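Take a look at the structure set out below.
Since every read-out is calculated from the coordinates, none of them should be taken as a lab result. These figures come from a predicted structure and were not determined experimentally. Cβ placement follows ideal geometry from the backbone for every residue including glycine, while neighbour counts extend to all protein chains displayed.
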Ligand code: KG4
Ligand code: ZN
């Protein structure tokens, strides 16, 4: 599809990463993320600390992103920013900064739904983009959904988690074995060295395209309690095998739901998006699906830098919406609990 040649300054501050990007069409001119190390000490994101860190990061990160892009503010056509869902205080920093910067430079704003941004990250160059319609499984710290993507603006959630998100499941299991937040990438790292068949976790089964991850956490908790009784060093002694087994069961659950979604919709272009799409087990399992002759899936796996939260993906939504003149106003305020992706929420 032809991507409009619009230049966007994009800001992402929905959680604990301050992201700023400049993109022109689907070309990423700069894409910076100021990570907030501070939360790892607390086992999760501390909202108050996150908004304070956004406040100190945002101005220098915007300056640097413009400098990296080699572009001055008068070449920007619109300012896109994440309006929700996310942490209220974090969103407030990005929203206020974006509106103020746009107003000072006489530019329109584009408020962006965070999950739509994860999905449209697939249109960022240089990777081949899917054609419409396609299926996208969004797997992040706050969401796990299967989305039927009709167009850049029409997206329909056809399956969702009934409790925890997949990223949350990774993080909670990691916390149970004493790993710092975010535990997902660490489980992935240790899993690479372990045997996935060592232990078996089934999680809870849900009919249809919906999913559930809270049962897995309880099952893992009981498993650890039992094994730590007989071997107090059980975690140290079996870290890699344990991580490999947990990861395999989460990935198996996600892939089985994708299989069902392909069967139900007949759509064979399958994408993944969001932080957990960085997981090497999930990437490998999906890649293998596309290599099976019996399963003619065309798979879309984002580059690692566009899996976790970043502003380039927000800019991509900005390009599509600015082309349709879908702009926000200066009265827009953060929407921490934005509705799901339905045509009316976009
Ligand atoms: O999309 P994201 O950066 O932020 C949200 O919108 O939530 O996703 C963050 C989530 C965290 O739960 C993190 O543990 C998980 O993505 N994550 C991973 C990996 N990288 C990030 N989970 C498993 N394996 C990874 N390699
Ligand atoms: Zn995200």
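Which value in nm describes the separation of the simple spin-label points at residue 104 and residue 42, placed 7 Å from the Cα toward the beta carbon?
2.8
Please report 259, 48, 293 as a ranked list, fewest other C-beta atoms within 10 angstrom at the top and most at the bottom. Spell out each step's value before the answer.
Values: 259 14, 48 10, 293 5.
Placing the least packed residue first, the sequence is 293, 48, 259.
Starting from 0.36 nm per residue, how many nanometres of slack lie between residue 35 and residue 74 once their C-alpha separation is accounted for? Please report the intermediate quantities before stating the final value.
Working: separation 39, 0.36 × 39 = 14.04 nm, distance 2.80 nm.
Net length gain for the segment: 11.2 nm.
Using a Förster distance of 25 angstrom, determine the FRET efficiency expected from the C-beta separation of residue 287 and residue 240, and round it to 0.05. Before the final figure, lay out the partial values.
Numbers: r = 22 Å, r/R0 = 0.89.
Once the sixth-power term is evaluated, E becomes 0.65.
Quick one: among 238, 114, 122, which has the greatest mean-square fluctuation in a GNM of the chain with alpha-carbon springs under 10 angstrom?
Judging by the Gaussian network model, the answer is 238.
Multiplying the sequence separation of residue 125 and residue 265 by 0.36 nm and subtracting their Cα-Cα distance, what value in nm do you get?
The span from residue 125 to residue 265 would gain 47.6 nm if fully extended.
Per 0.36 nm of contour for each residue apart, how much would the distance between residue 329 and residue 210 grow if the chain were fully extended, relative to their Cα-Cα spacing?
39.3 nm
What order do you get for 143, 73, 148 when you list them from fewest to most C-beta neighbours inside 10 Å?
Ordered from fewest to most neighbouring Cβ atoms within 10 Å, 143, 73, 148 come out as 73, 148, 143.
Could you check the spin-label model distance between residue 132 and residue 252? Points 7 Å from the Cα along Cα→Cβ, value in nm.
3.8
How large is Rg over Rh for the chain, taking Rg from the Cα atoms and Rh as the Kirkwood inverse mean of 1/r across Cα pairs?
With Rg and the Kirkwood Rh in hand, the quotient comes to 0.98.
Quick one: if the Förster radius is 35 Å, what FRET efficiency do residue 56 and residue 189 give, using the C-beta to C-beta distance and rounding to 0.05? Mind showing how you got there, number by number?
Details: r = 30 Å, r/R0 = 0.85.
The pair residue 56/residue 189 has a calculated efficiency of 0.75.
Need the C-alpha centroid separation for segment 250-275 versus segment 1-79, integer Å.
30
Have a look at the DSSP beta bridges in the chain and tell me what percent are antiparallel, nearest 5. Let's see the in-between values first.
On the way: 24 of 41 bridges.
Expressed as a percentage, antiparallel bridges in the chain total about 60.
Indicate, rounded to the nearest 5 percent, the antiparallel portion of the DSSP beta bridges found entirely in segment 131-301. Intermediate values should be presented prior to the final figure.
Working: 11 of 19 bridges.
Antiparallel bridges: around 60 percent, rounded to the nearest 5.
Provide 251, 262 in ascending order of the number of other Cβ atoms located within 10 Å of each residue's Cβ, fewest first.
Placing the least packed residue first, the sequence is 262, 251.
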